[in-house]
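**Q** I have a structure I would like to understand better, so I am pasting it below and will then ask my questions one at a time.
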Amino acid sequence: MTLDLVRLDDRLVHGQVVVGWGQALAASLVIVMDDRVRQSEWEQELYRMGMPPHMSLEFASVEEAVAAVPRWLCSSQKTLLLTGDVDSLVRLVEGAPAIRRVNVGGLHQQPDRRQRLRYLYLSETEAEQLRRLAERGVEVSVQDVPTARPIPFREIP
């Protein structure tokens with residue numbers, strides 16, 4: 001499998017992902033899965049500006065990503081898939097059951113969320129969605145940087 005990391009991080013492309021995770025995994029392709037960003041050339045260009053020259057960046061809607069997962073899994077290219085919201089992650093995993101592991105990174109404060117870890121804020125609905133994924137056998141771990149210990153989601157308050 002070369003879809004090396006499926007990560008939930010509301011900042012999508014940023015230094016911690018590109019430098020930290022990208023280098024740790026020797027990734028050459030980053031996919032941003034976001035229905036809104038997929039339709040916005042302006043936002044795509046902003047994200048492209050944050051990419052190093054040795055990494056490619058692609059954009060996909062959730063529907064496009066579900067269809068492409070088999071291709072990404074068979075590719076020799078080391079790939080990171082990023083999404084910024086729990087709903088999109090759940091739709092991806094439900095549509096592409098070959099994805100058996102997801103990484104939850106930074107989700108930041110919003111009015112309906114409460115702090116679970118220093119870098120993780122979740123609403124009760126979001127927490128329940130992630131719990132249900134874990135109960136269905138998907139390995140859901142929380143980890144801000146590659147050098148940190150992954151925390152199984154069941155340990156998150």
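The values are calculated or read from the model by the stated rules, or taken from the named source; none is laboratory data. What you are looking at is a predicted structure, and each value in this text was computed from that prediction instead of being measured. Neighbour counts run over all protein chains shown; Cβ positions are idealised from the backbone, glycine included.
**Q** Quick check: anything in the stretch 54-64 surrounded by fewer than 18 Cβ atoms within 10 Å (Cβ to Cβ), at pLDDT 95 or above and either touching a His at 6+ places or on another chain (Cβ under 9 Å) or part of a helix (DSSP H, G or I) (or both)?
**A** Checking the stretch 54-64: at least one residue is surrounded by fewer than 18 Cβ atoms within 10 Å (Cβ to Cβ), at pLDDT 95 or above and either touching a His at 6+ places or on another chain (Cβ under 9 Å) or part of a helix (DSSP H, G or I) (or both).
**Q** Still on this structure: Just to be sure, is Leu80 surrounded by 14 or more Cβ atoms within 10 Å (Cβ to Cβ), touching a residue at least 12 places away in the same chain (Cβ under 8 Å) and out of contact with any helix residue (DSSP H, G or I) (no Cβ under 8 Å at 6 or more places or on another chain)? Spell out how you get there, then give the answer.
**A** Details: surrounded by 14 or more Cβ atoms within 10 Å (Cβ to Cβ): yes; touching a residue at least 12 places away in the same chain (Cβ under 8 Å): yes; out of contact with any helix residue (DSSP H, G or I) (no Cβ under 8 Å at 6 or more places or on another chain): no.
Spelling it out, it is not the case that Leu80 is surrounded by 14 or more Cβ atoms within 10 Å (Cβ to Cβ), touching a residue at least 12 places away in the same chain (Cβ under 8 Å) and out of contact with any helix residue (DSSP H, G or I) (no Cβ under 8 Å at 6 or more places or on another chain).
**Q** For the stretch 89-132, how many residues meet the condition of being touching a residue at least 24 places away in the same chain (Cβ under 8 Å) and within 16 Å of the chain's Cα centre (by Cα)?
**A** 25
**Q** Need the failing condition index for Ile99 against (1) assigned to a loop (DSSP other than H, G, I, E, B); (2) exposed (fewer than 15 other Cβ atoms within 10 Å of the Cβ), just the number.
**A** (2)
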